[in-house]
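Encoded as structure tokens, the structure appears first; notes follow it.
Please treat every number below as a calculation from the coordinates, not as lab data. Computed from a prediction, not measured in an experiment: that's the story for all the values here. Reconstructed Cβ throughout: ideal geometry from the backbone, glycine too, with neighbour counts over all protein chains shown.
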Amino acid sequence: MKPIYKILTLSIILTILACGNSENEAAISIEKSDDRIKVSKAQFEENKMALGSLEEKTFPVSVKVNGIIDVPPENKAVVNSITGGYIKTIPLLVGDIVKKGQKVATIESPEFVRMQQEYMEVKEQLNYLKSEYERQNRMFKENIISQKVYLKAESQYKTANASYKGLKKQLSMLNINPIKVEEGYITSIVNIYAPISGSITKVSVSKGSYVSPTTSILEIIDNDHVHIELSAFEKDIMTIKKEQKIIFSIPEASDETYEAKVYLVGTAIEANRTIKVHGHPHDDSQYFLTGMFVNAEIMTDNTIAMALPENAFVSLENDIYILVLDEEKNANFYFKQVKVEAVKTANGFTELKDFKGLKKTDKVLVNGAFSLIGD
């Protein structure tokens, strides 16, 4: 007999569960009659619906622009060589982080040897010419030699001195220590150092490549001080001012929005009839990369308009609807489905462009409309 009792008990449980599901379905069922939507007060409360009415809200007036993430010119560096030569080593890859003054490449050339030899020769000549100039100067003062002889010695000394200083400066520009050269150390290889700190964004050469002074060896960008470079159309430029708020996003990288402010407005129209607007992001901790595409809005003004909470609006087949309370009777709410035209949303409220006869005293379903419209 025990199996029979178990079967009967299970049947009773399933029957109770089935009844319970039917009651829940009835609790959220919606009745439509005479083109109105009927919702009982029990359904209204159970589904946490809410009523509201038109309110005056402030909405920003904005100008839509596009642009890119960029850095100031002083945060970009193209590394090249002072003179021509062959790449001896280039150990860095795109994406590597470097510090200012870090060695990034070495170049080899017989020209470096020639310059050091010339420097040593001029230095030795300078020692002799200096002594000769001082001797001739004393003799000229004692009227032993003519002025012509003295001026020739002076000219030779000053010319050699100028050559010495010029060659010394050239060696310093090549990162060759003149003191080492004077000690007899001559090298055919020079080091190239990073002019700024940042990340390597381009490597244009490989080991063994010949580079001239105009050849870009690599590029470095410091992303610590990024800005947004926007292009505004000529028709909008009169409304854009310094310090205005910018809301921008990077659609290809994130759904987040960020804030910035207008820092500079260009003073010249580009060939495509746009003008540059320079903005500074508020959050410097965000890792923006140079060249990222930006969609932005510049907040140029504010306007006051009638609005409803954004949850009151439901899109259906390219149209927008709200539910307006038409009647409250016998513990039921009766709503009319009204087509409206929405303009913009800000701070949780959506501006209405066309009220369709809606009054400020009318009650609108501001929470729960989505589950009713289109059912």
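My understanding is that a pair violates if its Cα-Cα distance is over 31 Å; which of LYS48/LYS353; LYS64/LYS339; LYS76/LYS261; LYS123/LYS207; LYS123/LYS148 do that in this structure?
Values: LYS48/LYS353 28 Å; LYS64/LYS339 27 Å; LYS76/LYS261 23 Å; LYS123/LYS207 35 Å; LYS123/LYS148 25 Å.
From the list (LYS48/LYS353; LYS64/LYS339; LYS76/LYS261; LYS123/LYS207; LYS123/LYS148), the Cα-Cα distance tops 31 Å for LYS123/LYS207.
Can you compute the modelled spin-label distance between LEU325 and GLN117, with each label point 7 Å from Cα toward Cβ, in nm?
According to this spin-label approximation, the distance is 10.0 nm.
Given (i) 31, 61, 7, 0; (ii) 28, 57, 14, 0; (iii) 18, 26, 23, 17, 10, 5, 1, 0, which label gives P(r) over Cα pairs in 20 Å bins from 0, in percent as computed from the coordinates?
(iii)
Using DSSP to call loops (not H, G, I, E or B), can you name the trypsin sites (Lys or Arg not before Pro) in segment 96-166 whose Cβ has at most 14 other Cβ atoms within 10 angstrom?
For trypsin sites (Lys or Arg not before Pro) across segment 96-166 that sit outside H, G, I, E and B with at most 14 neighbouring Cβ atoms in 10 Å, the list reads LYS99, LYS100.
Restricting attention to segment 305-375, which GluC sites (Glu not before Pro) occupy a DSSP loop and are surrounded by at most 16 other Cβ atoms within 10 Å?
On the way: sites: GLU310, GLU317, GLU327, GLU328, GLU341, GLU351; in loops: GLU317.
Of the GluC sites (Glu not before Pro), the ones in loops of segment 305-375 whose Cβ has at most 16 other Cβ atoms within 10 Å are GLU317.
Counting other Cβ atoms within 10 Å, keep those with at most 12, restrict to DSSP loop, and tell me which trypsin sites (Lys or Arg not before Pro) in segment 224-293 are left.
LYS241, LYS242, ARG273
Compute the convex hull volume of the Cα atoms of segment 237-375, divide it by the residue count, and report the result per residue in Å³ as a whole number.
In segment 237-375, the Cα hull volume divided by residue count equals 183 Å³.
Using 1/(1 + (r/R0)^6) with R0 = 22 angstrom and r between the beta carbons of LYS158 and THR83, what's the FRET efficiency to the nearest 0.05? Show your work: numbers first, answer last.
Numbers: r = 26 Å, r/R0 = 1.20.
E between LYS158 and THR83, to the nearest 0.05, is 0.25.
Taking a spot 7 Å from the Cα of ALA253 along the direction of its beta carbon, which residues of segment 57-71 have an amide N less than 15 Å from it?
In segment 57-71, the label zone of ALA253 (backbone N under 15 Å from the point 7 Å along Cα→Cβ) covers 67-71.
Show the residues, 5+ positions off or on another chain, whose built amide H is closer than 5 Å to the amide H of ALA50.
Under 5 Å from the amide H of ALA50 lie the amide H atoms of VAL366, ASN367, each far enough along the sequence or on another chain.
Relative to the Cα centre, what is the charge dipole magnitude of the chain, using +1 at the beta carbon of each Lys and Arg, -1 at the beta carbon of each Asp and Glu, and rounding to the nearest 20 debye?
Charge dipole, the chain, about its Cα centre: 1720 debye, nearest 20.
Which residues make up the longest stretch of the chain clear of chymotrypsin sites (Phe, Trp or Tyr not before Pro) that lie in a DSSP loop with no more than 14 other Cβ atoms within 10 Å, not counting the sites? Each step should come with its number before you reach the end.
Values: sites that count: TYR185, TYR287, PHE355.
Counting at most 14 other Cβ atoms within 10 Å as exposed, the longest clean stretch of the chain is 1-184.
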